[in-house]
Each structure stands twice: as C-alpha cells, then as structure tokens.
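Beneath this line is the structure, given in structure tokens, with notes to follow.
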Amino acid sequence: MEEKFMKRALALAKRAYAQDEVPIGAVVVKNGEIISSAFNKREKANDATAHAEILAISKACKKLGDFRLADCDIYVTLEPCTMCMGAILNARIKNVFFGAYANKQNVLSSEEINERAGLNHKTTIVGGVLKEECERLVKDYFADKRK
C-alpha cells in the first residue's frame, strides 16, 4: 500500500522536474483514497511556501472543509522540511511516509521536530519508502542544474 501512494508522489515529482522545480511530490490519503496531491511550485509561483506538502495539505483541508486531517496520511518523496513538518503537525496528520532522507546538517529531522514541537499531536513517521527511486530523482535534478 505504501509503495502505491509513493509511486503517485514520484509521478508528481517528475512533473515538478519537467517544470524545472525541485522534484518533490506529495499525496494526502484518507481511507485508502487519494484526496489531494501536489508538487513543488516555488519557482513558478515565486512563493517560498509552495512546497508539495503545503499545497497538498491546503487542498485536502479545502476538500474536507476542516484544517484537521487526523484520519489522513501524507506520502512525500523527500523528508519534510521544518516548515512542512509544522504544517503536518498542525493539520494533525496521522502518518507521514517519505522516500529520500534530507540529510542536511544543522537542520532538525522530521523525527526531531515531531518530538520537540511542543504540540499535543504527534505523528507516526516512516522514512525510506522507495528510497532509491526518490533519491535518484533529486540527485539527477541537481546534477542537471550543475551542468
């Protein structure tokens, strides 16, 4: 099941890549059904907050008519950043599944944010879903950018 939804997030990440955006895709799932999806649009939108997760969460909230997504899971191709983990926790998303690890020095991991956020909600985090495919896409994108 996890791979099915991550494959959809990867397809979205490939669309981002084709539009010269950092290739990250996200889907929000409720009861085994995708209720929203998005990919990075920071460059196109000139918006620092236009991350795949933020856009997918916003669409899901609108669709359900509630900011609480407690019965939802999110699948994202790259470990969520601090901003996106904040949105995930504030939306009360039940489970986070991600592909590639961010591995950035001096930045809190999604697990650390989950534990330290000081909110009354914690999410379950599972990393490494289709890790190699997700990593390869990001590495290829940045290698192309350096050419």
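The values are calculated or read from the model by the stated rules, or taken from the named source; none is laboratory data. Treat the numbers as computed from the prediction; the structure is a model and nothing was measured. Because the Cβ atoms are built from the backbone with ideal geometry, glycine has one as well, and the counts that use them run over all protein chains shown. Areas reflect the complete protein model, heavy atoms only, side chains present, ligands, DNA and RNA absent. Shrake-Rupley method; radii C 1.70, N 1.55, O 1.52, S 1.80 Å.
Is at least one residue of the range 53-73 under 19 Å from residue 128 (Cα atoms), aliphatic (A, V, I, L, M) and either touching a Phe, Trp or Tyr at 6+ places or on another chain (Cβ under 9 Å) or in a helix (DSSP H, G or I) (or both)? There is no residue in the range 53-73 that is under 19 Å from residue 128 (Cα atoms), aliphatic (A, V, I, L, M) and either touching a Phe, Trp or Tyr at 6+ places or on another chain (Cβ under 9 Å) or in a helix (DSSP H, G or I) (or both). Could you check the range 24-46 and list, in sequence order, the residues that are more than 17 Å from residue 74 (Cβ to Cβ) and either in contact with a strand residue (DSSP E or B) (Cβ under 7 Å, 6 or more places away or on another chain) or of a type in the set (A, V, I, L, M, F, W, C) (or both)? Scanning the range 24-46 gives a single hit, 45.
Of all residues in the range 17-45, those that are farther than 16 Å from residue 57 by Cβ have Cβ atoms under 7 Å from Cβ atoms of residues that are at pLDDT 95 or above and assigned to a strand (DSSP E or B), 6 or more apart or on another chain, in 21/39.
Residue-wise test of (1) under 19 Å from residue 121 (Cβ atoms); (2) open to solvent by less than 30 Å² (accessible area, probe 1.4 Å).
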site	(1), (2)
6	no, yes
33	no, no
53	yes, yes
66	yes, no
71	yes, no
81	yes, no
89	yes, yes
97	yes, yes
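For the range 75-115, a residue qualifies if it is in a loop (DSSP other than H, G, I, E, B), in contact with a Phe, Trp or Tyr (Cβ under 7 Å, 6 or more places away or on another chain) and among the aliphatic types (A, V, I, L, M), and exactly one does: 91.
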